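A.B. asks: Dropping the structure in here first, questions after.
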Amino acid sequence: MKKLFMILFVITTLVLIVACGNDADTSETTDEGTNASDDVELKVFIDQPRFKTYYEDFLDGFTEYYEEENGITVRFQLEMPGPNEAAQILQTRLSSNDSPDVFTLHALNNIPVYDNAGYLEDLSDLPFVENLLDAPLNAVTRDEKVLAAPLETLYWGYLYNVDIFEAYDLEVPETISEMETVVETLSENDVTPFIRSFQERNIPQLFLPLVVGALAETENPDFFERMDNNDASLKEFEGFFDMMDIQNEHGTDRPFEIDGAQGSNMFANEEAAMWVQGPWYAESILASNEALNFRVAPLPINDNPEATLINASVSTSLAVSKDSDHKEIAKDLVNYFLESEASNALFQDLLFNPVSTKHDFEPFPWLDEAMEYVEAGRSYQDPPIPNAVKSESERVFQTYLAGSDSQDDVLEALDRTWEQSLALD
Amino acid sequence: MKKTRLSSIFNLVILIAFGALSFFPIYMVVINSFKSQDQIFNSVLQLPTTLHFTNYTEAFSQINIVQALWNSLTVTGIGIAGIVLFGSMAGYKLARTPGKLSQIIFLFFMSSMLIPFHSIMITLTRMANTIGIQGSTVGLGIIYIGLGVSMSIFLTAGFVKTIPKELEEAAKIDGANEMQTFIKVIFPLLSPILVTIGILNLLWIWNDFLLPLLMLTNVNDYTIILSVNTLFGEYNNDWPKILASLVITTIPLITAYVFLQKYILDGIAEGAVKG
Amino acid sequence: MDTELATAKTKSNTFRFNKAKKKKCLSFLMFLTPAFLFYALFMLIPLIGAVYYSFTNWNAASQATRFVGLSNYIEAFTNDPYFKESMLLTIKYTAIVVIVQNVLALLIALLIEYRNRTRNLFRTVFFMPNMVSLIISAFMWSFIFTIVLPQLSEYGLSLLDQGWLGNPDVAFYSIIIVAIWRGTGYMMIIYIAALQGVPVHLKEAAIIDGASSFQNFIHVTIPMIMHAITICVFLTLNEAFKVFDVVYGLTGGGPGRSTQVVALNIFEEAFSGNFRYGYANAKSMILFVIILIITIVQVYVMKGKEVES
């Protein structure tokens, strides 16, 4: 027993010493900054664990490149939490001054909030900015400063199965009435019109940007301005739930048990003709059925064909922390993500669209049609809905689709969260 | 006599039924962890026809299992060592010092046992960051000492009261100072309750989820529970791999349980009755 | 010079006089300081901080934190329907889990008590789920609920074909099933230990005299194990009120908010949406006070019963 005591005692003392030692270590590296040391550790936070190996290889490539160019060995502490936790983990890090040096954020959703909080480093001087295409450049620019490097650009509405549409001679609907006809024809032929995959909360959430974006673009252009002054309400949008209801009434069974992966599997196996979803599921759809012929089309919201528009958005983007101890290296890394030779391959592996003139590969076939709409001016930029409102909509849309909340309940809850998010600044 | 026999059989049948229900989920997870996705979707109840060890090798390559085990061991080891040592010291002293002050201090420690973790999680995260221990397994272990020491004080104090004072007095006459007396005389006598404390904390710290989630930043520092949580998000319904990783995580504790079950079960009963 | 020496001498005298007391004090400190240090750093200070921040608007978005008085508490009570709903759901959950878990644990403990050779085997099996971490249990059961039970239902057990996790009305009970599956064994161990304290002749009387054995159980056994019942109810009550991991792993509080328990509501207030740390702290203080009151009342009432017997 005496031995046990001594062992315990020694362990605890050692631990305390080690802990203090560690502490000293970290403060040392902080002081050093970027200059003398030739061995640097960068903390990188990327919220796409499904692409883990691709990113790891890419970062290894950077280490090699950087060692050759600058004689500095960069090691990475890569954090890739699961999709459910990513947002809250990043938020905890940022607000407890434990920010990663480089982290992903959603360009349109997060840049305003994080910039106001003073987390984001200005990247305007980096070479990649010169080569960015216009749309992504706009999305990452705020007050004439470029605050992030766009990785993932999205052009989306809903996905439809071209073969099924052709088999029944269906045209892509331009209005909600035409959509109803399509749904009718499909149902008559025993084809389920829609995949319903509501288990993952962020899938029904997609209706929020789709409806608000299209309607604000066409009939309520000053909506966001008035919303910022607490002088508007989501109740202004007539027919907010129309498209959501059509999909919910004509969809596959047991939606709350189907997540995105199962949904894409079902869509790939032609269990339904349409899926309100973005092309970011292309990878897993093709993994289930490589031959599936699908396209992206704009979702009709009402009977005004002008409001049937593609949502153009920039989501995953890389930012550099203002508090980073290795800012220069972090910036070099972000630049490398868009400017290097390896960038081309990475973007193709992850099925991302080109964002820079440096990217010389062809866009993916399922986007052809969507791009035609965009080129014809039939698109809008993903609306600036506060993050908190989006995550609230995940909850309340699920409740609505399960039949427990009324439409008014839903809109009131969203209005309330919007108001609260304004009160924070 | 006949009646007794009948009721005994009835009793046994009920127990077996409950036992089967209790064991069923674990059994299902284990047998299906050796199947392919197709087999799982088509015949989940049958025993596997061919053993797909690839599920395991793939799960192994995804989580660095040795590293994760080591991390869990570090956190749990440091936490338990500190809790047992510091808790027993304080518990002993409080039990042996009569008076208002000790009583107040004792109650002061005790009251914290009712605080829900959610009440302190935000400020605790901030504290860990301020003193620079966030993101390290050692730091996490140290935090557990602070959270678990109260219960240890409580249990030791109760136990010390059953130890006669004469032993310490004899040691004192022999010229030992107080710390020496504690180490040589008291600590061995406390061993039954210390084992109990160790076991209760082992179950808690090893299996804890939320605190490591908030504290550990680097994938390489993840405890085994946290690694599996990440996999669950990553694998997206790739059940064979998920199940294999669930089995891998559960094996260490179940093995410990099989060997130590007498101590564990007695320890729990002990801990509760003393409480 | 002389006077100085003199005062020094008197000082040392008083010092000697207090030496015993001082030494006692010192050893008191030596034994308590380590425990107190860790306790203060990771429990006390964070708690005080949490109380303080519950009166502020601390959040992730703005770096300036303002004192807002009682407004967080007022909001929680008057203008936060989800908090109220989650609280009611947690109370319902707690009531069901505390009752079912204790009744079941006691029943199994009684059955096991009567076994001789197989006692240890059953003890081991029933306790096994406790070795599986809560979050892992939740993952295991997601598999059972989404894959195993639907397939099992094809064998004529159509009752098992439910939206276990997807149907808002059923999901709540799925969570309860997992909680009971995992928690009952722990309570059973405590009850078995308590039952061993009941004299053998009383137990034998219960077996032989079948007709009145239930009466016997109520009037003889229950009072004798009241102590264990108090503890088990205390433990289950505490655990159930703070339930988090299982819900987080099984349903994430969904569909919608249909299974959002209060701990999850607080967690989401702090770490998603508007990241309102201050407000989440206020809600967690309310939870703390409620748990405090309920457990104090429970222990007080049940301790009273123990004395009676």
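The values are calculated or read from the model by the stated rules, or taken from the named source; none is laboratory data. Just so you know, these numbers come straight off a predicted model, no measurement behind them. For neighbour counting, all protein chains shown are included, and Cβ atoms are generated from backbone atoms with ideal geometry for every residue, glycine included. For the accessible areas, the whole protein counts, side chains as well, though only heavy atoms, and no ligand, DNA or RNA atoms are used. Shrake-Rupley method; radii C 1.70, N 1.55, O 1.52, S 1.80 Å.
A.B. asks: Which of the residues that make up the stretch C:20-61 are exposed (fewer than 15 other Cβ atoms within 10 Å of the Cβ) and within 22 Å of B:F182 (Cα to Cα)?
C.D. replies: C:A20, C:K21, C:K22, C:K23, C:K24, C:C25, C:L26, C:L29, C:M30, C:T33, C:L37
A.B. asks: Within the stretch C:56-70, does at least one residue satisfy the condition of being within 13 Å of chain B (Cβ to nearest Cβ), touching a residue at least 24 places away in the same chain (Cβ under 8 Å) and part of a helix (DSSP H, G or I)?
C.D. replies: Taking every residue of the stretch C:56-70 in turn, none turns out to be within 13 Å of chain B (Cβ to nearest Cβ), touching a residue at least 24 places away in the same chain (Cβ under 8 Å) and part of a helix (DSSP H, G or I).
A.B. asks: Sticking with this structure for a sec: Within the stretch B:136-162, restricting attention to residues that are outside any helix (DSSP H, G or I) and touching a helix residue (DSSP H, G or I) at 6+ places or on another chain (Cβ under 7 Å), which residue is most open to solvent (accessible area, probe 1.4 Å)?
C.D. replies: Checking each candidate, the answer is B:K161.
A.B. asks: Condition (residue is assigned by TED's automatic domain parsing to the domain that holds A:A214 and open to solvent by 30 Å² or more (accessible area, probe 1.4 Å)) applied to the stretch A:306-327: is it met by at least one residue?
C.D. replies: There is at least one residue in the stretch A:306-327 that is assigned by TED's automatic domain parsing to the domain that holds A:A214 and open to solvent by 30 Å² or more (accessible area, probe 1.4 Å).
A.B. asks: So, one more: Would you check if B:T74 is open to solvent by less than 30 Å² (accessible area, probe 1.4 Å), more than 11 Å from chain C (Cβ to nearest Cβ) and touching a residue at least 40 places away in the same chain (Cβ under 8 Å)?
C.D. replies: Here the answer is yes, as B:T74 does meet what is asked.
A.B. asks: Select from the stretch A:207-227 the residues that are surrounded by fewer than 19 Cβ atoms within 10 Å (Cβ to Cβ) and over 23 Å from the mean Cα position of the chain (by Cα) and list them in ascending order.
C.D. replies: Across the stretch A:207-227, the qualifying residues are A:T218, A:E219, A:N220, A:P221, A:D222, A:E225, A:R226.
A.B. asks: Any residue at all in the stretch A:156-163 that's buried (at least 19 other Cβ atoms within 10 Å of the Cβ) and over 24 Å from A:V296 (Cα atoms)?
C.D. replies: no
A.B. asks: Regarding A:E184, is this residue of a type in the set (D, E, K, R) and either crowded, with 22+ Cβ neighbours inside 10 Å or assigned to a helix (DSSP H, G or I) (or both)?
C.D. replies: The answer is yes for A:E184.
A.B. asks: Can you tell me how many residues within the stretch C:85-119 are without any contact (Cβ under 8 Å) to a residue 60 or more places away in the chain and not in a helix (DSSP H, G or I)?
C.D. replies: 4
A.B. asks: Any idea which of A:D115, A:D125 is in contact with a Leu (Cβ under 7 Å, 6 or more places away or on another chain), over 24 Å from A:Q348 (Cα atoms), surrounded by fewer than 23 Cβ atoms within 10 Å (Cβ to Cβ) and of a type in the set (D, E)?
C.D. replies: Only one candidate qualifies: A:D115.
A.B. asks: Given (1) at pLDDT 85 or above; (2) loosely packed, with under 12 Cβ neighbours inside 10 Å; (3) within 21 Å of the chain's Cα centre (by Cα), where does A:T53 come up short, assuming only one miss?
C.D. replies: Going through (1) at pLDDT 85 or above; (2) loosely packed, with under 12 Cβ neighbours inside 10 Å; (3) within 21 Å of the chain's Cα centre (by Cα) one by one, A:T53 breaks only (1).
A.B. asks: Right, another one. Would you kindly identify the helices (runs of 4 or more DSSP H) lying entirely within the stretch A:59-132 that contain at least 3 residues that are under 25 Å from A:L422 (Cα atoms) and more than 7 Å from every other protein chain (Cβ to nearest Cβ)?
C.D. replies: Counting at least 3 such residues, we get A:86-95, A:107-116.
A.B. asks: Okay, next question. I'd like the full set of residues that are out of contact with any Leu (no Cβ under 9 Å at 6 or more places or on another chain) and outside any loop (DSSP other than H, G, I, E, B), limited to the stretch A:292-309.
C.D. replies: A:P305, A:E306
A.B. asks: Where residues in the stretch B:226-259 are touching a Gly at 6+ places or on another chain (Cβ under 9 Å) and in a helix (DSSP H, G or I), which of them is farthest from the other protein chains (Cβ to nearest Cβ)?
C.D. replies: Here the residue is B:L231.
A.B. asks: Then there's this: Just checking, how many residues over the stretch A:383-410 are assigned to a loop (DSSP other than H, G, I, E, B), facing another protein chain (nearest Cβ under 9 Å) and touching a residue at least 40 places away in the same chain (Cβ under 8 Å)?
C.D. replies: Matching residues across the stretch A:383-410 total 2.
A.B. asks: Grab the helices (runs of 4 or more DSSP H) fully contained in the stretch A:218-270, keeping just those with 3 or more residues being farther than 23 Å from A:L401 by Cβ.
C.D. replies: Helices (runs of 4 or more DSSP H) meeting the threshold: A:223-228.
A.B. asks: Here is a further query. Please list, ordered by first then second residue, the pairs with beta carbon atoms under 7 Å, 6 or more apart or interchain, first in the stretch A:351-370 and under 17 Å from A:W280 (Cβ atoms), second among the hydroxyl-bearing types (S, T, Y) and not in a helix (DSSP H, G or I).
C.D. replies: Correct list of pairs: A:N353/A:T153; A:V355/A:T153; A:L367/A:Y155; A:A370/A:Y155.
A.B. asks: Taking interchain pairs and intrachain pairs at least six residues apart, which have beta carbon atoms under 6 angstrom, with the first residue in the stretch A:156-167 and farther than 25 Å from A:S379 by Cβ and the second polar (S, T, N, Q) and surrounded by fewer than 21 Cβ atoms within 10 Å (Cβ to Cβ)?
C.D. replies: Partner pairs satisfying both residue conditions: A:D163/A:N293.
A.B. asks: Can I ask one more? Among the numbered conditions (1) facing chain C (nearest Cβ under 7 Å); (2) touching a Leu at 6+ places or on another chain (Cβ under 9 Å), tell me where B:N32 comes up short.
C.D. replies: (1)
A.B. asks: Then there's this: Please determine, by comparing only the residues of the stretch A:133-153 that are touching a Pro at 6+ places or on another chain (Cβ under 8 Å) and part of a loop (DSSP other than H, G, I, E, B), which one is least open to solvent (accessible area, probe 1.4 Å).
C.D. replies: For the stretch A:133-153, the residue satisfying everything is A:V140.
A.B. asks: While we're looking at this one, here's another question. Filter the stretch C:108-129 down to the residues that are under 23 Å from the mean Cα position of the chain (by Cα) and either under 13 Å from B:A269 (Cβ atoms) or surrounded by fewer than 16 Cβ atoms within 10 Å (Cβ to Cβ) (or both) and list them by number.
C.D. replies: Across the stretch C:108-129, the qualifying residues are C:A109, C:R123, C:F127.
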